[in-house]
Amino acid sequence: MILANQRLMCVAMSLLLLAPGPLAAQSEAKAPLSVDFVMRGPQLTGYSPQAVRWSEDSKRVYFEWKQAAEGIEKDFDTYVVNRDGSGLRKLSEEEAKQAPPLNGDRSLDRKWTAFAERGDIFLYDQAAGRRRQITKTADVETNPRLSRDNKSITYQRGNNLYQFDLSSGLTEQLTEIGTGAAGGSAETGSEKKGTASQEFLKKQERELLETVRKRAEKREEEEAKRKKENGRKELTITGRQTVSALQLTPDGKLVVALMTERSEAVKTAMVPNFVTESAYTEPITSRTKVGDAQTPGRIALLSGAAAEVKWVDLGFKEGSREGGKETGKERAREVRLSMPVWSDDGTKAVMQGRAVDNKDRWILALDTATGKTRVLATTHDDAWVGGPDGFAMGWLGDGDRIWFLSEKDGYSHLYTVRYSGGDPVQLTSGKWEVRSVELSADKSRFYLTTGEAHAGEDQFYEMGLDGGARPRLTTRPGGHNVEVSPDGAMLADVYSYTNLPPELYLQARGRGSEAVKVTNSPAAEFAGRAWMDAPLVEIPARDGARIPARIYKPSGYRNLGPAVIFVHGAGYLQNAHRHWSSYSHEYLFHNLLVERGYLVLDIDYRGSAGYGRDWRTGIYRHMGGKDLDDQVDAAQWAARTQGVDPGRIGLYGGSYGGFITLMALFTQPDVFRAGAALRPVTDWAHYNHGYTSNILKNPQDDVEAYKRSSPIQHAAGLKGALLICHGMVDTNVHFQDTVRLVQKLIELRKENWELAVYPVEDHAFQQPTSWADEYKRVLKLFEANLKTGQK
């Protein structure tokens, strides 16, 4: 810890640590790296400071952190440090409760924050640094929102919205949404009906027994009286409908409800959990599969006084098709809607819509009086709409302009559009990405994190609301995740470099100001070694593109030596960069491979984040196409320019990386001699809808795209050695994926493969023992197959 009387020494030491490069010079020979050592994970590399936030007076920084030795089971603790870097200390449990909340709804004057914690609602006084508990119930309350006048808090409990008056302490139920029989539609003022036989028995019971009749009549009278006094009628939804979110309009006249409905035909996959406290196998409810019925949510505007329902009307139409031909008829465009975002004065609302086919995104002005919408801006992509933080949006302080990110010109850039009308205005441009945006506390400027300086770096800038000059506020190469103090004078920066894990630094806002290092996360054993600063290179692809890559090359690398290509996962991810990798286990493993004489490449293949729209969508309708070509081109480049033996190249990766590994061994068996597929997707028709339908559409609509993209369809091509590793309680890529592939390999009479299963692991492994076992098997695979015949 940094104590106040140690600050000067710590500042001096921190300045030495700011320069990128090896953490420590090797003053003496170290024992060779072992798999057990490098697979300790955060217990070796340390835990990154998280949830960094400033006190409202800008005097202190709070964050969540724990020591490397504390282990994965222990929760993070709350720490506080003064703005000058002095006084770092861990808060007691009681003090931590009074720290600023991690998230919540902030009042416009920034004095209050309403937040939910463990299913209850709280109000935080920013000036006093104290919380007030609003609810304490067995129910789960969520989505708290402060009224514009700071006099009340609304929150959601189940299917209904409640309002708590901060002065009187009165809680009022604003909606009465009940669940009726399945199969009907949302309606108001109707009695919940049972089946025909149930209704017959109910009627008969009233007629036969006077006590039952009088009890029912009294109940009905009480319900009618209560509804009259409350001024509400009940809104009935079916058992398949869900109220996803509720929001009171700023004027208090309407409730906005996001309603979703699932088809009866939809199936949800169940993942069996074999290692349980009960000793019985217990199913885990997981997800649907791509292409199953997806019903987009609808927005309802509810009048609390009469339970009137007004559905938001998008007015989008498209031609319908049957058998591949236009019918001449029109149907409503299927669109997913987000909840409205209100201007500061509460008079205007905008919302986002995204087409169910993923190709269009709209920013819409909402007229709550009529339920009609008006298009302010649209983004279209023939593949799918996306990009870094691709659906970020907010109001500027003038109450007329909305900012948003769009890849309209091929790269993610910042735009504004006026609520009153007019074309969008592009504020940034260039062949680089804006990765995140926020407004300053006083809404006088933008703060941007971009790849402008280098695609492999996250640097922090400020910019005026009309665009123009962008002073860069961070300077060191690497990754910066910055929180600006409310007074705008200080930066709290979680900074990392290729071989420097993330640490918290504090510095004055302004280029060239010195940074004070606050945390020191890694274990001593990590700091005592020199870890590789793997340089970035660009590899020429067959289509003329340049593939970004990290290269790990041993000093004195032997000619015709072995090589391994690491394939990162997807979702939308970048790994050939200059900051600490989210694949820290793999980074340490690559250091071990280098010690053993392997050259390692880690490439940002087509589909990776960081390089614009065309790179992102390069895998459209063919996963295992250009992205696999990039792996092959990297392997051939390594053989051509780095002295790698083309007959001794392997690859490995997890999730999407496991998928690519399978596709490589099945379809490029003469390029790759061995591969380890970790938690791999083996058949895209079995993955989730949100991710897969973006890229391959629905399996029933594009059979060929799924056939050419799914490894199980190509398993007959396996020649090299294959290792498959999978957690058995993986709720992302289900263990079923591997089970089906194993059966296919058995039916094909393939013998050069093996399977390792991990009974307690989900998609992301947690236990160091599991990590170690898995990577000992990966190392054994490479040692047995890539070292053979080395000259």
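Observations on the model:
- Dimensions (Å) - the range 732-782, Cα atoms, principal axes, largest first: 35, 27, 13
- Computed over every Cα-Cα pair of the range 28-77 and binned at 10 Å starting from 0, the pair-distance distribution P(r) comes out as 22, 34, 25, 14, 6 percent.
- The range 240-259 residues near the modelled R374 label - backbone nitrogen below 20 Å, point 7 Å along Cα→Cβ: 250-251
- Net length available on complete extension from T285 to K310 is 5.6 nm, with 0.36 nm assigned per residue and the Cα-Cα distance removed.
- Taking the DSSP bridge list for the chain and keeping only pairs wholly inside it, about 80 percent are antiparallel.
- With R₀ set to 51 Å, the beta-carbon distance separating D75 from F200 gives a calculated FRET efficiency near 0.35.
- By average C-beta atoms within 10 angstrom, highest first, the peptides 710-718, 507-515: 710-718, 507-515
- Shape of the range 380-470 from the C-alpha gyration tensor: oblate (a/c of 1.5 or more and a/b not above b/c, with a ≥ b ≥ c the square roots of its eigenvalues).
- FRET efficiency, D251 to D125 (Cβ-Cβ, R0 25 Å, nearest 0.05): 0.45
- Per-residue SASA entry for F316, accessible area with 1.4 Å probe, Å² rounded to 10: 30 Å²
- Counted charge near D730, where neighbours are those whose Cβ lies closer than 10 Å (Asp, Glu -1; Lys, Arg +1): -2
- Solvent-accessible surface of the chain, taken per residue with a 1.4 Å probe and all protein chains present: 45 Å².
- The overall shape of the range 82-181, judged from the alpha-carbon gyration tensor, is prolate: a/c is not under 1.5, and a/b is greater than b/c.
- In the chain, the ratio of gyration radius to Kirkwood radius, Rg to Rh, stands at 0.99 when only Cα atoms are counted.
- Filter on K707/K750; K90/K151; K310/K697 - keep pairs with C-alpha separation over 23 Å: K90/K151; K310/K697
- Expressed as a fraction of 2.2 N^0.38 Å, the value expected for a compact globular protein of N residues, the C-alpha radius of gyration of the range 637-683 is 1.19.
- Working note: Cα gyration tensor of the range 642-734, eigenvalues times five, square-rooted, sorted largest first, giving semi-axes of 25, 16, 11 Å.
- Of interest is the spacing of the C-alpha centroids, which for the range 41-68 and the range 548-562 amounts to 36 Å.
- Among 63-76, 434-447, 667-680, sorting by the average number of other beta carbon atoms lying within 10 angstrom of each residue, highest first, gives 667-680, 434-447, 63-76.
- The chain, accessible surface, carbon-and-sulfur percent (1.4 angstrom probe): 49 percent
- The separation of the range 339-380 from the range 86-122, counted between C-alpha centres, amounts to 31 Å.
The values are calculated or read from the model by the stated rules, or taken from the named source; none is laboratory data. Predicted model, so just to flag it, every value in this text is computed and none were measured. For neighbour counting, all protein chains shown are included, and Cβ atoms are generated from backbone atoms with ideal geometry for every residue, glycine included. Only protein heavy atoms, including side chains, enter the accessible area calculation; ligands, DNA and RNA are left aside. Shrake-Rupley method; radii C 1.70, N 1.55, O 1.52, S 1.80 Å.
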